[in-house]
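**Student:** Can you read through this structure? Questions will come right after.
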Amino acid sequence: MPFLSESVARVQPSPTIAVTTRAAELKAEGRDVIGLGAGEPDFDTPDHIKEAAIEAIRRGETKYTPVHGTKALREAISAKFERENGLTYSLDEIAVCCGGKQVLYNAAMATLNPGDEVVIPAPYWVSYPDIVLLAGGTPVILPGMEETGFKITPAQLDEVITPKTKWLMLNSPSNPTGAAYSAEELAAIADVLARHDHVWTMTDDIYEHITYDRFEFCTLAQVAPELKARTLTINGVSKAFSMTGWRVGYAGGPANLIKTMAKVQSQSSTHTSSISQAAAVGALNGPMGFMDEWTTKFRERRDLVVAKLNATEGLSCGVPEGAFYVYPSCAGTVGKTTPDGKIIENDSDFVTYLLEAVGVAAVSGAAFGLEPYFRISYATSVKTLADACGRIAQACESLT
Ligand SMILES: Cc1ncc(COP(=O)(O)O)c(C=O)c1O
């Protein structure tokens, strides 16, 4: 009898963390490495949010809270959904967890039985398939295509749904591609879902506020109110407010699902930190003026990276609608030889070459389920990005 759990054995350690670790090792050896693997904004959490947390400590809000958060936080979340998404959720329809990641995990644990299928469009955020596997479900990967901006088509979705399909996981704007679904595109997806009334959807809207070029964000339950009763609308403060370390994610969904998710959480983490909850209230109820400045900076960086990569032999890169990632193709480098005589067979070889030869750490497309691509996070300064892109161009020019 194996001592370690079989469901954990099926799961991979996070490949993005593996890249960050390797980059840190090289740095420790004295190598000059630029890390483009980060999945978090490089801005500080705004002061008014920090103050809300400090005031909570002073008021003595340092004790247990309800599993799904304080009333003040659930009210702030309910108001946010109403104000920004036109969605009405009562307080018993709101979950508060330790990050968006725990929302996804709790929902999977609360609903999946062996044999249940979860449709995951690729490229996907690395944790989706592993969360499904941990919960005992079966991930069904639906490959996106670059020609459709890495978005799934209604026909593709229709074809992959079986009687065993329990969930569709939809992430817009996407990690790793930055692709975001327009209202029309979501409505077309919704038409398919409307015909399969056993299929529920988790919409991961965590990058909602990071969009460019006047893209109008919308979420599935807003576009298709008839699907709200089988949609879990997931969001969080990590990316929008640069609060990754505070660990607050939340969701709106049917009360029975939310209650079952609370049961899962009550036997694991109990709730996220009371101080972080107070900070999240400060974030959701507070001013959003800083967001314009942040997205302007992100857009400038996106434009720089896209232009430099498209000027590089062997690479091509589309212009994403949101998030802070690009997902360029490195198809033009596959089959070429490095100065050390190694043949680039795939995107994993390509990112290894970038790290070893020019000290740029990116994540291979293999980690996100669609090859031959790689992910660059542009949540770093223009100067660093210009340096990194120069090194990538030099590495590509050295291939024969
Ligand atoms: C698509 C997506 N969803 C969810 C998360 C989880 O974020 P958190 O757990 O920090 O709220 C991330 C983080 O990288 C993400 O990229």
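The values are calculated or read from the model by the stated rules, or taken from the named source; none is laboratory data. Small disclaimer: the values here were computed from a predicted structure and weren't measured. With ideal geometry, Cβ positions are generated from the backbone for all residues, glycine too; neighbour counts draw on all protein chains shown. The area values use the complete protein model at the heavy-atom level, side chains included, leaving out ligands, DNA and RNA. Shrake-Rupley method; radii C 1.70, N 1.55, O 1.52, S 1.80 Å.
**Student:** Using a 7 Å offset from the Cα along the Cα-to-Cβ direction at both GLN12 and ALA311, what is the distance between the two label points in nm, to one decimal?
**Tutor:** Here the answer is 3.4 nm between the modelled labels.
**Student:** Note the count of lysine pairs whose C-alpha atoms are less than 27 angstrom apart in the range 51-183, limited to pairs 8 or more residues apart or on different chains.
**Tutor:** Lysine pairs meeting the criterion: 12.
**Student:** Under 1.5 on a/c is rounded, so check that first for the range 267-309, then, if it is not, pick prolate when a/b is larger than b/c and oblate when it is not; a ≥ b ≥ c are the square roots of the alpha carbon gyration tensor eigenvalues. Mind dumping the intermediate values first?
**Tutor:** Values: a/c = 6.83, a/b = 2.01, b/c = 3.40.
Note, shape of the range 267-309 comes out oblate.
**Student:** To check my understanding: the extent here is largest minus smallest coordinate of the Cα atoms along each principal axis. What are those three numbers for the chain, in Å, largest first?
**Tutor:** Cα extents, longest axis first: 61, 53, 52 Å.
**Student:** Same structure again: Which shape class, rounded, prolate or oblate, goes with the range 1-138 when its Cα gyration tensor gives a ≥ b ≥ c as root eigenvalues, a/c under 1.5 marks rounded, and past that a/b bigger than b/c marks prolate? Intermediate results must be reported in sequence, preceding the final value.
**Tutor:** On the way: a/c = 1.90, a/b = 1.17, b/c = 1.62.
It is oblate, given that a/c is not under 1.5 and a/b is not larger than b/c.
**Student:** Return the sequence-ordered ³J(HN,Hα) values of the range 276-281 in whole Hz as given by the Karplus equation 6.51 cos²θ - 1.76 cosθ + 1.60 applied to θ = phi - 60°, using x for Gly and Pro.
**Tutor:** 5, 5, 5, 5, 5, 4
**Student:** Continuing with the same structure: Got the relative contact order for the range 101-256 handy, in percent, Cα pairs under 8 Å and 6 or more residues apart? Please report the intermediate quantities before stating the final value.
**Tutor:** Numbers: 275 pairs, mean separation 29.8, N = 156.
It comes to 19 percent, rounded to a whole number.
**Student:** 5 Å is the cut-off here: which amide hydrogens, built 1.01 Å from N in the peptide plane, fall below it relative to THR219, excluding neighbours closer than 5 in sequence?
**Tutor:** none
**Student:** Give the angle, between 0 and 90 degrees and rounded to the nearest 10, that separates the Cα long axis of helix 100-111 from the longest principal axis of the Cα atoms of the chain.
**Tutor:** Once rounded, one gets 60 degrees.
**Student:** With charges only on Cβ, +1 for K and R and -1 for D and E, what is the dipole size of the chain about its Cα centre, in debye, rounded to 20? Don't jump to the answer; show the numbers that get you there.
**Tutor:** Working: 34 positive and 47 negative charges, 222 e Å.
In total the dipole reaches around 1060 debye.
**Student:** Compute, for ASP116, the solvent-accessible surface of its heavy atoms (probe 1.4 Å) with the complete set of protein chains present, and express it in square angstrom to the nearest 10.
**Tutor:** Accessible surface of ASP116 is approximately 20 Å².
**Student:** Name the aspartates and glutamates eligible as straight-distance cross-link partners of LYS297: C-alpha to C-alpha under 15 Å, and not fewer than 8 places from it in the same chain.
**Tutor:** GLU40, ASP42, ASP44, ASP213, GLU321
**Student:** Explain nothing, just the number: dipole magnitude of the range 277-400 about its Cα centre with +1 on each Lys and Arg Cβ and -1 on each Asp and Glu Cβ, in debye rounded to the nearest 20. Before the final figure, lay out the partial values.
**Tutor:** On the way: 10 positive and 14 negative charges, 49 e Å.
So the dipole magnitude of the range 277-400 works out to roughly 240 debye.
**Student:** Please identify the GluC sites (Glu not before Pro) of the range 193-259 that satisfy two criteria: DSSP loop assignment and at most 16 other Cβ atoms within 10 Å. Which are they?
**Tutor:** Details: sites: GLU208, GLU216, GLU226; in loops: GLU208, GLU216.
Passing sites in the range 193-259 are GLU216.
**Student:** If I build a Gaussian network model for the chain, linking alpha-carbon pairs within less than 10 angstrom, which residue out of ASN235, ASN175, ASN310 has the largest mean-square fluctuation?
**Tutor:** Greatest mean-square fluctuation among the candidates belongs to ASN310.
**Student:** Quick one: give the max-minus-min coordinate of the C-alpha atoms of the range 261-400 along each principal axis, largest first, in Å.
**Tutor:** 56, 38, 23
**Student:** Based on Cα coordinates alone, diagonalise the gyration tensor for the range 216-337, multiply each eigenvalue by 5, take square roots, and list the semi-axes in whole Å, largest first.
**Tutor:** Details: eigenvalues 258, 79, 56 Å².
Gyration-tensor ellipsoid for the range 216-337: 36, 20, 17 Å.
**Student:** Moving on. Restricting things to alpha carbons, tell me how big the range 118-262 is in terms of Rg and Dmax, in Å.
**Tutor:** 14.6, 41
**Student:** Could you tell me which residue out of LEU87, VAL103, ASN113 lies farthest along the dipole of the range 22-113 toward its positive end? Charges go on the beta carbon: Lys and Arg +1, Asp and Glu -1, centred on the Cα centre.
**Tutor:** About the Cα centre, the residue reaching furthest to the positive side is ASN113.
**Student:** Taking only protein heavy atoms into account and a 1.4 Å probe, give the accessible area per residue of the range 1-104 in Å². Show your work: numbers first, answer last.
**Tutor:** Values: 6080 Å² over 104 residues.
Ligands and nucleic acids excluded, the result is 58 Å² per residue.
**Student:** Along the charge dipole of the range 265-352, which of ILE344, VAL305, SER269 sits closest to the positive end, that is, farthest toward it, with unit charges on the beta carbon of Lys, Arg, Asp and Glu (+1, +1, -1, -1)?
**Tutor:** SER269
**Student:** Can you tell me what the convex hull of the Cα atoms of the range 147-201 projects to on average, as an area in nm²? Don't skip to the end; give the middle numbers.
**Tutor:** Details: hull surface 15.4 nm².
Mean projected area of the Cα convex hull: 3.8 nm².
**Student:** Between helix 47-58 and the chain, what is the angle of the helix's C-alpha long axis to the longest principal axis, kept within 0 to 90° and rounded to the nearest 10?
**Tutor:** 50
**Student:** On C-alpha positions alone, give me the angle between the axis of helix 382-397 and the longest principal axis of the chain, in degrees, nearest 10.
**Tutor:** Approximately 50 degrees, to the nearest ten.
**Student:** Of SER268, SER377, SER242, which has the largest mean-square fluctuation in a 10 Å C-alpha GNM of the chain?
**Tutor:** SER268
**Student:** What residue among THR153, THR380, THR21 shows peak mean-square fluctuation when the chain is described by a Gaussian network model with Cα springs under 10 Å?
**Tutor:** THR21
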